[in-house]
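The values are calculated or read from the model by the stated rules, or taken from the named source; none is laboratory data. Note that the structure is a prediction, hence the values are computed from the model and not measured. Methodologically, a virtual Cβ is constructed for each residue, glycine included, from the backbone with ideal geometry; neighbour enumeration extends over all protein chains shown. What goes into the accessible areas is simple: the full protein's heavy atoms, side chains included, and nothing from ligands, DNA or RNA. Shrake-Rupley method; radii C 1.70, N 1.55, O 1.52, S 1.80 Å.
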Amino acid sequence: MTVHVIGIGLDGASGLREEVRQIIAQATVLVGSDRHLNYFPDYCGDRIVLKDIKATMRGIRDRLETDNVIVVLVTGDPLFFGLGRLLLAELPKEQLTFHPHLSAIQLAFNRIKVPWQDARVISIHGRCWEQLTQTLQQGAEKIAILTDDTHNPEAIARLLKSLDLAATYQFWICENLGGMDEKVGCWSLTTVPQQRFAPLNVVVLLRQTDSSEAEMNFPNLPLLGLPDSSFLSYSDRPGLITKREIRLLVLGELALKPGQIIWDIGAGTGSVAIEIARLFPTSTVYAIEKTAAGISLIEQNCQRFGVTNVVSIHGTAPEILYHLTPPDRIFIGGSGGNLKEILGFAGAQLHPQGVLVLALATLEHLTLAMQWVEEKGWEHNLLQAQLLRSVAVGSLTRFSPLNPVTILSIKKRLFV
């Protein structure tokens, strides 16, 4: 006894090979949804409408001993987010034969003419949002999403807007792929909620190399607390940025004043340095970054926001610090494994009554920094930030945690 699992597209029987059509014609039982069964109006054998999965599985098992050929019709590739996985769990593997059709994902990427061997494929059809949320936060370059009535393009657009990602995405919606009424289009996040799309659709998200300045609407950006999405970021690590909420806390702990010299060590994309420069145009901010990619991003972001009082410094701390004007304030966002050495030199260069602030993500770095502070006997304060952002989940809202960060603020004593 053989169970043939046949993938079928919206082109129906005409899209099947002659060999596969013959298997269907010889079947004693045909299993499928109403839509799939309607593709074969002339079939004369028994039909089982696929509604209750458990009942259907029982029906197939009951017929294994009496029917020579059972055909199960499914959409696309049975083993690609399809019924094939359940059939393998419920029926003997040796009695199953699979005949895949083109999957909706294959069709989608071919329609938009983008190679997809490196794409992340996620099904939110009857599933939760967690995997898609994590994939977006990681900045995956290409994401294909299988949707359903609840997890639809509008809900995906709301999720994207609520995450405030550093990366931006083209939003492709591919409807009724392979059918006569197929539609493929690229939409903006603001226009998606205003449209109605076919229930059979696939969403493809393509990460953009840089954000559109027109979409950013720079004149309307706040003076304090710039959105993460307004900064250009690393193409391979778009989430590697000091998050907006942490920036605000760091700025408060620095106790900034006009006309100061500030060091931003491990400046990354320059988000902290640019926030300071916009608030205090009479101050000079040295943004120290060891990677060439980071320096390029700092300079692009400075130009993007129109700040001229940030000086990007390419080099490794603490060596590169010897060439800089002694600071009134220091922020250390990254140390490249040289935290103790950086603290030693930066602390010596910091003006009397100056403030040094660190954002620490690991216990090891926190321990090392605390040991250094205790040896100095300087006044210090710890602030642990465990923050959650609201995220759209369909028509509902939940909280999504940011990585915990400990902010260590140190005030240099006048006399040691």
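For segment 251-295, residues that are in contact (Cβ under 8 Å) with a residue 60 or more places away in the chain and touching an Asp or Glu at 6+ places or on another chain (Cβ under 6 Å) total 4. Picking from residues in segment 391-415 that are in contact with a Phe, Trp or Tyr (Cβ under 8 Å, 6 or more places away or on another chain) and at pLDDT below 90, the one that is farthest from Leu339 (Cα to Cα) is Gly394. The residues of segment 372-413 that are among the aromatic types (Phe, Trp, Tyr) and in a strand (DSSP E or B) amount to a single one, Phe399.
To keep it simple, each residue is scored yes or no on (1) in a loop (DSSP other than H, G, I, E, B); (2) surrounded by 14 or more Cβ atoms within 10 Å (Cβ to Cβ); (3) among the polar types (S, T, N, Q).
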position	(1), (2), (3)
Gly7	no, yes, no
Gln22	no, no, yes
Asp42	yes, no, no
Lys54	no, no, no
Thr66	yes, no, yes
Ile70	no, yes, no
Leu73	no, yes, no
Phe81	yes, yes, no
Glu94	no, no, no
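Taking the criterion of being modelled with pLDDT of 95 or more and β-branched (Val, Ile, Thr), the residues of segment 309-324 that qualify are Val310, Val311, Ile313.
For the subset of segment 391-416 comprising residues that are loosely packed, with under 11 Cβ neighbours inside 10 Å and not hydrophobic (A, V, I, L, M, F, W, C), which member is nearest to Leu159 (Cα to Cα)? The selected residue is Ser395. If a residue has to be modelled with pLDDT of 90 or more, closer than 29 Å to Ile145 by Cα and of a type in the set (A, V, I, L, M, F, W, C) to count, how many in segment 51-80 make the cut? Residues that pass the stated criteria total 6.
If the condition is being at pLDDT 95 or above, of a type in the set (Ser, Thr, Tyr) and either under 25 Å from the mean Cα position of the chain (by Cα) or loosely packed, with under 15 Cβ neighbours inside 10 Å (or both), then segment 274-295 contributes only Thr282.
Every listed requirement among (1) under 30 Å from Ala108 (Cα atoms); (2) open to solvent by 60 Å² or more (accessible area, probe 1.4 Å); (3) under 41 Å from the mean Cα position of the chain (by Cα) is met by Glu18 save one, (3). Please tell me if Ala361 is closer than 30 Å to Lys161 by Cα, among the aliphatic types (A, V, I, L, M), in contact (Cβ under 8 Å) with a residue 12 or more places away in the chain and open to solvent by 30 Å² or more (accessible area, probe 1.4 Å). Criteria met by Ala361. Of the strands (runs of 3 or more DSSP E) entirely within segment 116-225, those holding at least 3 residues that are of a type outside the set (A, V, I, L, M) occupy 169-175, 183-187. Considering segment 24-38, and only residues there that are within 39 Å of the chain's Cα centre (by Cα) and either in a loop (DSSP other than H, G, I, E, B) or among the small types (Gly, Ala, Ser) (or both), the residue that is surrounded by the most Cβ atoms within 10 Å (Cβ to Cβ) turns out to be Gly32. Here is the figure for segment 125-149: residues that are open to solvent by less than 20 Å² (accessible area, probe 1.4 Å) and either farther than 25 Å from Ser233 by Cβ or touching a Lys or Arg at 6+ places or on another chain (Cβ under 6 Å) (or both) total 4. Annotation: Val357 fulfils all but one of (1) of a type outside the set (Ser, Thr, Tyr); (2) over 33 Å from the mean Cα position of the chain (by Cα); (3) assigned to a strand (DSSP E or B); (4) closer than 24 Å to Asp228 by Cβ; the unmet one is (2). The residue pairs whose first member lies in segment 233-250 and is outside any loop (DSSP other than H, G, I, E, B) and surrounded by fewer than 19 Cβ atoms within 10 Å (Cβ to Cβ), whose second member is among the charged types (D, E, K, R) and at pLDDT 90 or above, and whose beta carbons are closer than 8 Å, counting only pairs six or more residues apart or on different chains, do not exist in this structure. When both residues are 6+ apart or on different chains and their Cβ atoms are under 8 Å apart, which pairs have a first residue that lies in segment 12-37 and is within 20 Å of Leu50 (Cα to Cα), and a second that is polar (S, T, N, Q) and surrounded by 14 or more Cβ atoms within 10 Å (Cβ to Cβ)? Pairs that qualify, where the first residue is within 20 Å of Leu50 (Cα to Cα) and the partner is polar (S, T, N, Q) and surrounded by 14 or more Cβ atoms within 10 Å (Cβ to Cβ), are Val31/Thr56; His36/Thr75. Answer with yes or no whether Leu339 is touching a His at 6+ places or on another chain (Cβ under 7 Å), more than 25 Å from Ser229 (Cβ to Cβ), surrounded by 21 or more Cβ atoms within 10 Å (Cβ to Cβ) and not aromatic (Phe, Trp, Tyr). Yes; evaluated as a whole, the condition is true for this residue.
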